[in-house]
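What follows is one structure encoded as structure tokens, with my remarks underneath.
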Amino acid sequence: MARSLHLGSVIPPGLVVDHIEVGTGLTITARPKAASARCPRCDGISSRMHSRYTRTLSDLPVAGRRVVITVSVRRFRCIEPKCRTKVFAERLEPDLATAYARRTGRLETLVHHLGLALGGRPAESFARRLMVPASRDTMLRTVRRRARRPAETLTVIGIDDWAFRRGHRYGTLICDLERRRVIALLPDRESGTVEAWLSAHPEIAVLARDRGGCYGEAATRALPMATQVADRWHLMENASAAFLDTVRKSMAAIRVAVGAATIDPDRLTCAERLQYEGYRRRMATAEAILTLSRQGLPIRQIVRKTGHSRKLVRDVLRGLTGDVFRARQSSLEAYLPRLHAEWTAGCRNGAELWRRLRADGFTGSLRVVGEWATRRRRHEQAPEGASGKVPSARLLARMMTTGRDGLSKAEAVMVATIEAAVPALDEARFLLSGFQTMIRERRPPDLDTWIDTAARGLLASFASGLSRDRAAVAAALVEPWSNGQTEGQITRLKLVKRQMYGRAKL
């Protein structure tokens, strides 16, 4: 049988074939050609054989049959008297198999490429068709084992957290911003873990991050000479959130300004009445918390005494629980012009309006259209000058930061009324616009002036945070780097994590 095969194309180099057995698969019994071997510790050559043992290697399939090579490997005695290794096993040719390997080098290469191209489960299915004995776990282990860390010097990195499981467990992703690739995944987002990793890379000169305190503190301790760059998108988002908080704190003054300090329950719809009752309960809770705070009790004791969460107590003390009606995105937004036109044309029945919208592709329920019709009808029946419903703080913040050309006449009048009655809020809106323009146009000299001005108004808390992180914020206005690349790599990581069904590991 051995003569009928072209052994040069089947047997890897460096072996002498003793026997070939053909059955459902192909079993080849072989031994190394060399008469001696090198000691792996002292590199000395020895021909004094100690014993033999058998290695079984899987190889590439032949003619639809799996191939197994059984190699009789020798153990040798080291002849160097100073070498601590007394007995060693001979190494096979590097192209044949590495130490401890169960597959030949050429089969290992095929498994590696299948794992890279297809992942775990699809690669296993395709390998089964190719008669390659490799499970999905083997595919992923091979890919991880052959993954090499980049040898280039790190200069600019981005760092951000990502969720193993949202709200429960988080890790840290570190990205090489110059080469646009992930270089490390850390098992948590603790300051000590990040500091240890950064300390091992003192060559890093620029670190882009969000405005969370953990990564900034770790970078300051580990790399005091590195430039930290705050992410510009997070700066814009933090500024918008700070303005929204100022609107929430000013809701009482806003209701007085628009003539809606008192609410008539008879003019509310069923859904609005439920929200109003919830608002009254929240106000009772807030008053109890504020009473305890006036008595000098700290937040921890108020939490223990009332049983409320620490976040709720803190928000009440900061004045962030003033919304009566909590507006949510409505499915009617795209159909409001059609509804106004039908109402003006004389159609006042909610069910009929819903049927007409359904014909245009509306997928919402009858209740949504019915609630809108009820609000519109009660608004028209109300006496002239009666107080109406005040929009939510989020909607008011959007209206105040939107150009006047993008508002309806009623919205523009309401915004003008609020700006005239609550000048501090108008000043905060002006400061927000100036900060966003400064970020977009990269004007670092304006930063100190902006912080000093904002520190005297409703945005004082946000200005204080910028002052504490001033170096990173100033660098964001000068440096070209940001955390956008890191955010994109996190999105890619989420896709890989879902495709691998939890088998990707760190």
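The values are calculated or read from the model by the stated rules, or taken from the named source; none is laboratory data. All values derive from a computational prediction rather than experimental measurement. A quick note on method: Cβ atoms are made from the backbone with ideal geometry, for glycine too, and the neighbour counts reach across all protein chains shown. SASA here: full protein model, heavy atoms, side chains in, ligands and nucleic acids out. Shrake-Rupley method; radii C 1.70, N 1.55, O 1.52, S 1.80 Å.
For the reader, a short list of remarks on this structure follows.
- On the stretch given as the range 113-131, residues that are closer than 18 Å to ARG103 by Cβ, free of Cβ contacts under 8 Å to residues at least 40 places away in the same chain and open to solvent by less than 70 Å² (accessible area, probe 1.4 Å) total 5.
- Of all residues making up the range 137-149, the number that are loosely packed, with under 15 Cβ neighbours inside 10 Å and among the hydrophobic types (A, V, I, L, M, F, W, C): 1
- Exactly one residue among THR56, THR70, THR29 is closer than 26 Å to ALA134 by Cβ and touching an Asp or Glu at 6+ places or on another chain (Cβ under 6 Å), and that residue is THR29.
- Set side by side, the residues ASP210, ASP161, ASP245, ASP188 differ, and just one is open to solvent by 40 Å² or more (accessible area, probe 1.4 Å), within 30 Å of GLY457 (Cβ to Cβ) and not polar (S, T, N, Q), which is ASP245.
To keep it simple, each residue is scored yes or no on (1) in contact with a Phe, Trp or Tyr (Cβ under 9 Å, 6 or more places away or on another chain); (2) surrounded by fewer than 16 Cβ atoms within 10 Å (Cβ to Cβ); (3) under 29 Å from LEU107 (Cα atoms).
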position: ASP43; (1), (2), (3): no, yes, yes
position: HIS50; (1), (2), (3): yes, yes, no
position: SER72; (1), (2), (3): yes, yes, yes
position: GLU90; (1), (2), (3): yes, no, yes
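- Qualifying residues in the range 286-315 (those that are within 30 Å of the chain's Cα centre (by Cα) and in a helix (DSSP H, G or I)) - the one modelled with the lowest pLDDT: ASP315
- Number of positions in the range 439-450 that are over 20 Å from ARG209 (Cβ atoms) and in a helix (DSSP H, G or I): 6
- Test: ARG267 is at pLDDT below 90, open to solvent by 50 Å² or more (accessible area, probe 1.4 Å) and farther than 18 Å from LEU395 by Cα: yes
- When the range 54-70 is limited to residues that are among the charged types (D, E, K, R) and open to solvent by less than 80 Å² (accessible area, probe 1.4 Å), the one that is farthest from ALA34 (Cα to Cα) turns out to be ASP59.
- Scanning the range 213-242 for residues that are closer than 19 Å to SER191 by Cβ, open to solvent by 20 Å² or more (accessible area, probe 1.4 Å), outside any loop (DSSP other than H, G, I, E, B) and not hydrophobic (A, V, I, L, M, F, W, C) yields a total of 6.
- Some residue of the range 19-31 being touching a helix residue (DSSP H, G or I) at 6+ places or on another chain (Cβ under 6 Å), open to solvent by less than 60 Å² (accessible area, probe 1.4 Å) and under 22 Å from ARG106 (Cα atoms): yes
- If the condition is being hydrophobic (A, V, I, L, M, F, W, C) and either under 17 Å from ALA341 (Cβ atoms) or open to solvent by less than 30 Å² (accessible area, probe 1.4 Å) (or both), then the range 352-376 contributes LEU353, TRP354, LEU357, ALA359, PHE362, VAL369, TRP372, ALA373.
- Listed conditions (1) of a type outside the set (A, V, I, L, M, F, W, C); (2) open to solvent by less than 60 Å² (accessible area, probe 1.4 Å); (3) at pLDDT below 85 are all met by LYS389, apart from (2).
- Of all residue pairs spaced 6 or more apart or on separate chains, those with beta-carbon atoms under 9 Å, a first member in the range 426-452 that is without any contact (Cβ under 8 Å) to a residue 40 or more places away in the chain and of a type in the set (Lys, Arg) and a second member that is surrounded by 12 or more Cβ atoms within 10 Å (Cβ to Cβ) and not in a helix (DSSP H, G or I) are ARG442/LEU477; ARG443/LEU477.
- Here ALA134 meets the list (1) open to solvent by less than 50 Å² (accessible area, probe 1.4 Å); (2) not in a loop (DSSP other than H, G, I, E, B) almost entirely, failing just condition (2).
- Between GLU479, GLU487, the distinction of being open to solvent by 30 Å² or more (accessible area, probe 1.4 Å), in contact (Cβ under 8 Å) with a residue 40 or more places away in the chain, assigned to a helix (DSSP H, G or I) and within 29 Å of THR155 (Cα to Cα) belongs to GLU487 only.
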